[in-house]
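Here's the structure we're looking at; comments come further down.
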Amino acid sequence: MSAPRIAFVLGTRPEIIKLSPLLRSCLERDIPHVVVHTGQHYSDSLDTVFFEQLELPTPCHDLGVGSGEHGEQTAAMIRGLESVLDEERPDHVVVQGDTNSALAGAIAASKRPTSLAHVEAGLRSFDREMPEEVNRVLVDHAADRCFAPTDESARLLAAEGIDGDRVVVTGNTIVDAVFEHRELAAEKSTVLTDLDLESGEFVLLTAHRAENVDDPDRFAGILEGVERFATRADREVVYPIHPRARERVEAFDLSVPEPIRLVEPLDFLDFLTLESHARLAITDSGGVQEETCILGTPCVTVRDNTERPETIDVGANRLVGIEPATIVDGAEAMADRSGSWSNPFGDGDAAARIVDALS
Ligand code: UD1
Ligand code: UDP
């Protein structure tokens, strides 16, 4: 019997990073596969830089969909994916996470004679106002195979009536990606020198989620809370700013206060280096909550909920909302915490388990 053929559908920075261990595993094991890029992210700093640094082959198909309203963007992806799936006829379509690219991959695959696998299944914020929550619920329910990172995510899938036969607990592939790259980052990255930062003395900030940066009051609240904390603690803050957030700073005419330094989005090795050496991370990113937990750096999450409660349970992360006072309190409480918690996201072999299950 010939090996099954896998189509990976991806489109954004975190999908490229979190699917990279699977792509590498397929290459090493000679498993036939194609990569389909939706084009949701297209700026070099969110896209090409990761293919180059993670040594991934150029995608076989690039749908070039670009930015747009949710419906417009997702519909264009589905249309493009239908032709690609008809041409490639994969046995499995693999999508990752909760983006519009993942949703489009799931819908296109579920209308074709191919099985659908969801990597990072079973995460829930229980906040249906977030586009990501709606996407991840729909993808999980469409999927034939749900690869859940933790027992907790498998439990959440069971609670929604998803048959246990469809679910495998694998760990999160972000652990594989971090383990594969952290030593390389320590060897190669010069970002601390380039940005004139001292290990343990700075704060790393990322905020890009629509619910935060598209709302001028919420975005301003985050900036003010971070400024107050940094001023009191006498710490500099580095903020590699996502283009969505950069556009909002300009559109809302927000002033970014003195201790916060905006820099361009970083490549993976530089970003891992900042995460490893930061005194504290302040973020609304899903991936950053996980990575800081894995690397032993305390984290404060500027959201009202998180679909990564494991990071809070082990003591690595605290949810603080977006009010300046709660950000200051949370950041002060977390900044001196030692990173001795255990990593809840697995042993770094998630990709091998997933590829085994598919082949
Ligand atoms: C998307 C995901 C989000 C994820 C994030 C990862 C959805 C609904 N959201 O959000 O869950 O956390 O990716 O980074 O799928 N832009 C550029 N260059 C690009 C891409 C976008 O400048 O390469 C700008 C455009 O102005 C665009 C805006 O960013 O309108 C938002 O892009 P979009 O892909 O819609 O969502 P993200 O905020 O990136
Ligand atoms: N990341 C990066 N450079 C940056 C910011 C983030 O390489 O300047 C990586 C980070 O290491 C993580 C991923 O991007 O693996 C997280 O993506 P993002 O925050 O855009 O999306 P989310 O995880 O919130 O969906």
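Some observations on this one:
- Ranked list, fewest to most other Cβ atoms within 10 Å of each Cβ, for Thr193, Thr283: Thr193, Thr283
- Between 0 and 90°, nearest 10: helix 324-335 axis offset from the chain longest Cα axis: 80 degrees
- Choice from Asn305, Asn172, Asn317 with maximal GNM fluctuation in the chain (Cα, 10 Å cutoff): Asn305
- Distance from segment 181-227 to segment 1-58 (C-alpha centre basis), Å: 26 Å
- Sum of -39500 (n - 2.57) over DSSP H runs of 4+, divided by residues of the chain (222 nm, nearest 500): -14000 deg cm²/dmol
- Computed over segment 211-359, the range of Cα coordinates on each principal axis works out to 52, 31, 27 Å, biggest value leading.
- Kirkwood radius, segment 66-151, all distinct C-alpha pairs, inverse of mean reciprocal distance: 13.0 Å.
- Against the chain, whose longest principal axis comes from its Cα atoms, helix 216-233 is set at around 50 degrees.
- Built amide H within the under 5 Å cut-off of Gly11, gap 5+: Ile16, Thr38
- Prolate/oblate/rounded label for segment 11-98 (Cα gyration tensor, a/c 1.5): oblate
- Helix axis angle, 100-110 relative to the chain longest principal axis, alpha carbon, degrees: 20 degrees
- Bins of 10 Å from zero: percent of alpha-carbon pairs in the chain: 5, 25, 35, 24, 9, 1, 0
- Cα→Cβ-extended label distance, 7 Å offset, between Phe252 and Asp196, nm: 2.9 nm
- Sorted by Cβ neighbour density within 10 Å, fewest at the top, the residues Val134, Val300, Val65: Val134, Val65, Val300
- Label positions at Ser359 and Asp304, each projected 7 Å from the Cα along the C-beta direction, are separated by 4.5 nm.
- A viscosity of 1.002 mPa s and a temperature of 20 °C, combined with the Kirkwood radius over C-alpha pairs in the Stokes-Einstein formula, give segment 191-267 a diffusion coefficient of 167 µm²/s.
- Taking a sphere under 13 Å around the Cβ of Gly164 and counting the other residues whose Cβ falls inside, with K and R at +1 and D and E at -1, yields a net charge of -1.
- Highest-MSF residue in the chain out of Leu192, Leu103, Leu274 [GNM, Cα springs under 10 Å]: Leu192
- Each listed q (0.11, 0.18, 0.20 Å⁻¹) maps to a log10 I(q)/I(0) for segment 137-216 from the Debye sum over equal C-alpha point scatterers, namely -0.58, -0.91, -0.95.
Where a number appears in this text, it was derived from the coordinates with a stated rule and is not lab data. These figures come from a predicted structure and were not determined experimentally. Because the Cβ atoms are built from the backbone with ideal geometry, glycine has one as well, and the counts that use them run over all protein chains shown.
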